[in-house]
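A.B. asks: The structure under discussion is supplied below as structure tokens; questions concerning it will follow.
Where a number appears in this text, it was derived from the coordinates with a stated rule and is not lab data. Since the model is a prediction, treat every value here as computed from it, not as a measurement. So basically every Cβ, Gly included, is an ideal-geometry build from the backbone, and we count neighbours across all protein chains shown.
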Amino acid sequence: MERLGNRDRTEAHRLSEREVSESNPAAQPSGNFTGCLDSARHDEAIFGVTYCPVEKTPRSIIHLDMDCFYAAIEVRDRPSLRGKPVAVGGARDRRGVLTTCNYEARKFGVHSAMPTFMALQRCPNLIVLPTRFDVYRREAAVIRGILYRFTSLIEPLSLDEAYLDVSGHPGAPGPLAQVIRGTIFREAKLTSSAGIGPNKLIAKIASEMNKPNGQFEVRPEEVSRFMQDLPVRKIWGIGEKTERKLEELGVKACGELQRFSRPELVDLFGKFGLDLYDLCRGIDDRPVEPDRPRKSLSTEETFAVDLTTLEQCEEKLEELFQDLMADLAQKESTREITKIFVKLKFNDFTRTTAERAGLAPTLPDFRSLLNEAFARTGKPVRLIGVGVRFADTEPENAQMNLL
């Protein structure tokens with residue numbers, strides 16, 4: 001492996017931000033960035049050498065997210081689709097849902113997990129292609145190999161996104177993220193976005209700031225200011241119901257939420273209030289956990305008005321089923337499903353779960369479990385959840401199937 005000598009290191013240090021950006025337009029960062037290395041010519045040189053010495057903070061986390069991954073692969077492989085609205089997912093005549101779509105399609109209000117017939121209503125010229133998970137997994141393996149050149153601490157979230165802990169890397173995390181994105185583009189011809197921060201919460205939020213094909217860095221000393229005006233909905237764990245409750249309290253931004261003490265938040269939100277006190281301040285101690293396969297995948301909805309009949313519940317079940325199928329296709333397409341389940345929470349906050357092994361995740365089977373769960377009490381329903389449980393995965397197999 002070629003390494004930089006002292007003279008080369010000095011020269012690399014002199015590179016300006018403009019030189020770095022012009023050397024690799026595909027990986028130009030659009031957030032806070034101080035350049036120090038020409039990523040098009042010297043990315044190999046960063047392995048094991050100090051190319052832009054910085055005083056390391058306790059943790060440096062990158063959240064890498066491939067831009068509309070499946071659709072981008074289809075457009076890359078079929079250049080005639082470039083510039084056209086493209087989606088990947090199920091057919092309209094089979095009650096299909098979209099797994100993902102490109103940014104041209106999103107201009108029409110099309111988004112992932114949307115029923116295909118609805119997407120075509122919004123965008124009649126939408127090109128809907130069937131999924132090719134063998135291809136997506138192969139591309140994810142290529143990207144995974146690139147990431148492992150920079151750190152072994154990688155926590156995959158799905159085929160197209162992952163956390164990287166680069167605290168042990170000698171270089172500054174912002175330029176390093178640019179190098180990673182540039183390497184991915186050169187080797188896979190796919191763009192990605194990145195968020196850089198001192199923890200997973202900040203990195204995840206930051207990765208959304210300059211999509212697509214951009215990056216944004218929040219340095220430790222900037223966290224407090226960054227969180228002040230951040231909408232509370234950006235915090236993980238805050239859904240529509242919690243957001244509405246916070247709005248009733250006059251809280252829309254994290255800075256406003258910081259006015260509440262920890263005991264007050266526990267009174268309002270139970271155990272989640274403990275986490276909320278830290279999260280609204282940008283505090284997140286969760287480690288990056290490599291090769292941690294999830295045991296289940298589910299989606300749920302809390303209703304503003306309780307559902308009083310089985311027919312109302314069945315109508316909502318269908319929407320949740322479509323969301324679950326889209327999540328499965330994107331996040332866990334290769335896992336063996338051992339059980340499916342339906343969870344109901346009633347208006348008195350009691351709950352029940354109907355679960356069955358050996359059933360496929362089909363709408364009729366979920367409907368059967370819903371009927372069973374609803375019949376147990378007949379009480380008004382305030383929440384419905386649907387999900388699947390996975391078979392145990394051997395560590396080496398789990399690593400091969402994920403980014």
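A.B. asks: Can you tell me which of 101-113, 228-240 comes out highest on packing, and rank the rest after it, using the mean Cβ neighbours within 10 Å? Spell out each step's value before the answer.
C.D. replies: On the way: 101-113: 19.2, 228-240: 14.7.
Top to bottom by mean Cβ count within 10 Å: 101-113, 228-240.
A.B. asks: Now, a different point. Too long at a 19 Å Cα-Cα cut-off: which of LYS295/LYS339; LYS295/LYS343; LYS343/LYS379; LYS245/LYS271; LYS271/LYS379? Can you show the working numbers first?
C.D. replies: Numbers: LYS295/LYS339 11 Å; LYS295/LYS343 16 Å; LYS343/LYS379 14 Å; LYS245/LYS271 16 Å; LYS271/LYS379 26 Å.
Distance filter (> 19 Å) returns LYS271/LYS379.
A.B. asks: May I ask you to sort TYR148, TYR136, TYR70 by Cβ crowding, counting other Cβ atoms within 10 Å and putting the fewest first? Could you put the intermediate results ahead of the total?
C.D. replies: Working: TYR148 13, TYR136 22, TYR70 29.
If I rank by nearby Cβ atoms, fewest first, I get TYR148, TYR136, TYR70.
A.B. asks: Taking neighbour Cβ counts within 10 Å as the exposure measure, how do LYS295, LYS331, LYS245 sort from fewest upward? If you can, show how the numbers build up before the last one.
C.D. replies: Numbers: LYS295 10, LYS331 17, LYS245 13.
Ranked by crowding around the Cβ, least crowded first: LYS295, LYS245, LYS331.
A.B. asks: So how do CYS313, CYS280 line up by other beta-carbon neighbours within 10 Å, fewest first? Mind showing how you got there, number by number?
C.D. replies: On the way: CYS313 20, CYS280 25.
Neighbour counts put them in this order, fewest first: CYS313, CYS280.
A.B. asks: Skipping prolines and chain starts, which residues have an amide H placed within reach, meaning under 5 Å, of the one on THR99, given they are 5 or more residues away or on another chain?
C.D. replies: VAL88, GLY89, GLY90, ALA113
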